[in-house]
Amino acid sequence: MYRARRVLTPPALLVLGGLVGCATAPAAEPPSIVQVAIHAPAAVTARDYRRAEVLLSADTLVHGQVFFSQWLEDGRYAYLTRDSAGQRLMVADPATGAVERVGPSSPGALAVVDELRERPDPAVVVSPDGRLAAFRRDHDLWVRRLDTGEEWPVTTDGEESYGYATNNAGWVRSDRPVLRWSPDSRRIFTFRHDARGVGMMYLTGTTVGHPELEAWRYPMPEDTVPFRIERLVADVSDPASPRVTFLDMPADAHRSSVCDHVYCAETFTDVDWADDGGSVMFLSTSRHHRDVTLRVADAETGDVRDVLERHEDTFFMSGLWGAGHNWRYLPETGEVVWYTHETDRGHLYLHDLATGGRERAITEGDWNVLTVERLDPGSRTIWFMGNGREPGDPYFRYLYRVDMDSGEITLLTPDSANHEISFSPDGRFVVDEYSTPTIPPVTVLRDAWSGDVVAELERADISRLTATAWRPPIPFTVKARDDTTDLYGLMFVPSTLDTTKQYPVVNYIYPGPQSGSVRGRSFSPVRRDHHALAELGFVVVSLDALGSSGERTKSFHDFYYGDLGDNGIPDQIAGIRELAARHGYLDLDRVGTWGHSGGGYASTRAILAYPDFYKVAVSQAGNHDNRNYEDDWGEWWHGLLVGYEGGGTSYDRQANHVLADQLKGKLLLAHGLMDGNVPPSNTLLVVRALIEADRDFDLIVFPDAAHGFAMHPFMVRNRWDYFVEHLLGADTPLEYTVGGERD
C-alpha cells in the first residue's frame, strides 16, 4: 500500500460557543466564549506505540480470572487461573464447598489434567451413551463403534451437492456433521443437504505458478433457490441394517431461528427429541425468516404433524442470536414451551401439544427471557438468563428460575452485574462469574435452586493491570436519533487525558443487526484495540445503536429492517454529539470510524453517506453489497431480493459502491483474498467504483488471509498509522512492528 506521509496540522486553538461540558446555560446570560486547546502532537513515537501495544495483551495482567474450565465426570469443577507464580489448576467440589489447588503431587492430579486436555475429534458427533460416533465420508453418513473401531455406512447414495448431514452454510463450512442423536443413542435426526441449483463461490490463493482454485456452493440473494434440507431419521441400532426414514414433508429452506446456519451453539439447532426417542420436534423456518412452523415427527414412520405457526412482518427469532432455541418439547405431559416476542419482549408460553393452543404465559413483563438454560420436567421448573428486569444497565444478564405453573420467578444471581453461568451436568449447581465493564469478575459456585453461594472460587485482582496505562472504559447513556430512546455504550480515553484539550474521536462500529458494537457487558481488559488506540491520543467510542442485538425490544431490533444501509449510523452521530456536549474534550471536527466485517460495511457507509461528520475510515472485510454476501444474512435483515419493473432491485440502496462519488475524507479499505465468509468481491466493488469516480483511497490486500485478520499485527499497525496521520495529524514511527522484538 502506498501512502503519502502528509501531516495535517490543525489550528492550535478552537473557539467554541456555550459552556463546554454543561448541558444547558442560564437563559438570561449570553453564552460564554471558551478557548479549548487541540490535542495535536507533531509526532507519535515508537515509544508511544510500545506503551499502547502493552494494552493488546493486558488480559495476562489479570490475576484470579477463570480462563478455562470444565465440569469433570465425577461432578467436580476444574478450572485454570493465574497468579504471580503463573497458571494454577484448581478443583472445586460442590458437595463440600472445598476449593483446592491441584499440584503435580496431588492425588488424582494426572487424571484431572488428562481430562482437561482431552479434546474431542471435531469431525465426529458422539452418541449420548458414548459408544458410537457419527461422521461424514464421501457425502454419506457413517457410524463408528468407539470401542472396536468398527465402521459402517448409514447412507450410500450421497453425492456432490446432495449429501447427508452436510455442514455448509456458504459463509462457513466444516467436516463436522450436522445431526442430533436421540437420548437413547438409537437414532439420528439429520437431513440430506440439497445444494443443486445454488451458485458457486470461487477463490484462488497466491502462489508461484498456476493458482489453486477453491470452489464451493455459496448461496446469495440472487439465487432462485437457497440450500434446502430434506429431514430424516436414521435408525443405527442394528449395524447390519441401518434404516433411513425421510420425513413425510417437503424440503425445508436451510434456515434456523437463532443463527444464519442450521448448526448453532455447536449442534443441530431447532431440534428437540422426546426422552424415549420415539418422536422429534423441530422448527421449520421460511427462507425470509418471517414464517415458522413447529412440527413433531414420528421417528419410526416419518409422519409429520404441525403443532403451531407464527408469522412476523420482519423476522422471527426463537432465542438470542448464536445461542440455542428457547422452545421445548414436553411429550410426556402433552405440552410445548414456546417463545415469541409478540409483546415486544421475549417471553415463554405454555401450549397444548395436541391442539397447539395456548394455555398461559409462563413469563411476562417489560423485560426479556434471553436463553433457556435448563428445564426440569419433574419439578416443572425452568432456569433462564434474562435482562431488563433488574435496575441498572438493561444489558446485564441474570439467572432466574420460574415455576411453569404459578409463574413465580426467583432471582438466583442478585449482584448488579453481568452474569455468565455454567450448570453442573446434574443441574444442582451453577458456576457464576459476574462483572461489569469496569469491575473485574468474581467467580462463585451457587446452589442452582436457592442461588446461595456454596463457595467463592476466584476474585480477580487487576492491580498489575492498573499499574500500566490501562484505564477502565467509561460507560455512558445517550439518546438515539429520535431523542427519546436510551442507547448504551463505552468510551475509552488516554491515560494522559487532559480535559482542557480536545481529542479526535474514533467511532468503533459493528452494526449487527444480530449483535452490536459493545460486544458484551462483562469485564474485559482487552476489547479489540480500543484501549491501545485511545492511548495513542484518541477518544474511542463504542455504541449499540437502534437496530442492534436482540436484547432490548423487538421494535428496537426491527428498527432498520429492510434498510441495511442505515447501519445505525445516525444514532452513532447523535450519541457522539451528545457526548461532546457533555465532555468538552471530544473534537467533533476530527471524527473517524473503523470496523471489521459488518463493521467494515458500516464504516465505509459512514464516510460515504456522512462525509461532513466522518473524516477518516478504516474498513476491513466489509460486506459492502449484500447481494455479494450469503443469502441468509441479507434476507434475514433486509428481506428477499425483488426486481422492480423498469430496472433496479430492492437491494440497490444498501450497496456502498453506489455512493463512491460522495467520498471526501480518507478511506482505507482492507480485505483477505481467501475470505470464504465475506467474499473479497465486496471490497473490490467499492474499489472499482472509487476508481471510476476518480476518488483517492488506500487499500491493503492480504493475499492468503481468510476473514479474521482484524488483529493481524500488520493491520493493527496500519490502522494506528492511518488514524494518527489523518485524524490526529501527526507523524508515525516508520514501519513499526507490532509484536516485534524490542531493543
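What to note about this one:
- Residue-count net charge about Gly322 - beta-carbon cut-off 11 Å; Lys, Arg +1, Asp, Glu -1: -2
- Exposed-site-free run, longest, the chain (rule: chymotrypsin sites (Phe, Trp or Tyr not before Pro); DSSP loop; at most 13 other C-beta within 10 Å): 68-643
- Shape box of segment 643-697 [Cα atoms, principal axes, largest first, Å]: 36, 31, 15
- Annotation for segment 147-200: GluC sites (Glu not before Pro) lying in DSSP loop with at most 16 further Cβ atoms inside 10 Å of their Cβ are Glu150, Glu160.
- Restricting segment 393-475 to GluC sites (Glu not before Pro) that sit in a DSSP loop and have at most 14 other Cβ atoms within 10 Å of their own Cβ leaves Glu408.
- Rounded FRET efficiency, nearest 0.05, which uses the C-beta distance separating Glu332 from Asp704 and R0 of 51 Å: 0.45
- Among the listed pairs Lys554/Lys664; Lys479/Lys666; Lys479/Lys615; Lys554/Lys666, those beyond 26 Å (Cα-Cα): Lys554/Lys664; Lys479/Lys666; Lys554/Lys666
- Calculated FRET efficiency for the pair Met249/Asp696, C-beta based, R₀ 41 Å, to 0.05: 0.15
- Of Pro504, Ala46, Ala660, farthest towards positive along the dipole that unit charges on Lys, Arg, Asp, Glu beta carbons give the chain: Ala46
- Volume of the convex hull of the chain (Cα atoms only), normalised per residue: 201 Å³.
- The simple spin-label model puts a point 7 Å past each Cα toward its Cβ; for Glu160 and Ala98 those points are separated by 6.1 nm.
- Relative contact order (%) - the chain, alpha-carbon pairs under 8 angstrom, separation at least six: 12 percent
- Dipole in debye (nearest 20) - segment 514-654, about Cα centre, beta carbon charges: Lys, Arg +1; Asp, Glu -1: 540 debye
- When only Cα pairs below 8 angstrom with a gap of at least 6 residues are kept, segment 266-361 shows a relative contact order of 18 percent.
- Basic side chains Lys and Arg get +1 at the Cβ, acidic Asp and Glu get -1 at the Cβ, and with that the dipole of the chain about its Cα centre reaches some 2300 debye.
- Furthest towards positive pole of dipole, Val112, Val616, Met491, structure part the chain, Cβ charges: Val616
- Model label points for Glu151 and Asp344, set 7 angstrom from Cα along the Cα-to-Cβ axis, are 5.6 nm apart.
- Between Thr206 and Arg173, full extension at 0.36 nm per residue minus the direct alpha carbon distance yields a gain of 9.7 nm.
- Euclidean distance between Cα centres, segment 245-269 to segment 548-567, Å: 24 Å
- Cut-off under 5 Å, modelled amide H: who pairs with Arg590 long-range: Val505
- In segment 309-350, GluC sites (Glu not before Pro) in a DSSP loop with at most 16 other beta-carbon atoms within 10 Å: Glu342
- Extended-chain gain in nm, criterion 0.36 nm per residue less alpha-carbon gap, Arg50 and Glu456: 142.5 nm
- Counting 0.36 nm for each residue step from Glu309 to Arg196 and taking away their Cα separation leaves a gain of 37.8 nm.
- Whole-number percent relative contact order across segment 222-302, with pairs defined as alpha carbons under 8 Å at least 6 apart: 26 percent
- Degrees, to the nearest 10: 713-723 long Cα axis against longest axis of the chain: 40 degrees
- About the Cα centre, charge dipole magnitude for segment 367-428 (Lys/Arg +1, Asp/Glu -1 at Cβ), debye: 80 debye
Since every read-out is calculated from the coordinates, none of them should be taken as a lab result. The structure displayed is predicted, hence computed values, not measured ones. Every residue, glycine as well, gets a Cβ built from its backbone with ideal geometry; the counts of neighbours run over all protein chains shown.
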